[in-house]
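This report concerns only the one structure given below.
Quick note: the coordinates plus some simple rules give every number you see, no bench work behind them. Note that the structure is predicted; figures quoted are calculated from it, not measured. Please note: Cβ atoms are built from the backbone with ideal geometry, for glycine as well, and neighbour counts cover all protein chains shown.
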Amino acid sequence: GLITNELVRNSLKHAFPEGEGIITVNFKRQGDKCKLEISDNGKGLPKDFDIERLSSLGLQLVLGLVRQLDGQLMIESDGGTLFSIEFPL
């Protein structure tokens, strides 16, 4: 819940400087793993974006929670942004 909240709030705050946009949240079980995907069709991340070096408390929280779940975080930013998180059951 906290991961979803932080990533959706981040999209709402930063992805849509023109106002409107679409945020999609998907959650599915794949065998012995779960996959959470949060994407938007916003402006994308800065080219120098590095989640390991951010001062943003929200994204630091996301990274810490993913690690606590023994999960993996993948980020794509091409025509919007996709945060994909896989973790074991």
Note to self: Within the chain, how many Lys pairs that are eight or more residues apart, or on different chains, come under 27 Å at the alpha-carbon?
What the structure shows: 7
Notebook entry, point to check: Roughly how many debye, to the nearest 20, is the charge dipole of the chain about its Cα centre, given +1 on each Lys and Arg Cβ, -1 on each Asp and Glu Cβ, and no other charges?
Noted result: 200 debye
Notebook entry, point to check: So for the chain, Kirkwood radius off the Cα pairs, Stokes-Einstein at 4 °C and 1.567 mPa s: how many µm² s⁻¹?
Noted result: 97 µm²/s
Notebook entry, point to check: For G19, what charge total do you get from the other residues with a beta carbon under 15 Å from its beta carbon, if Lys and Arg give +1 and Asp and Glu give -1?
Noted result: -1
Note to self: Can you list residues from other chains, or at least 5 along the same chain, whose modelled amide H is less than 5 Å from the amide H of G71?
What the structure shows: none
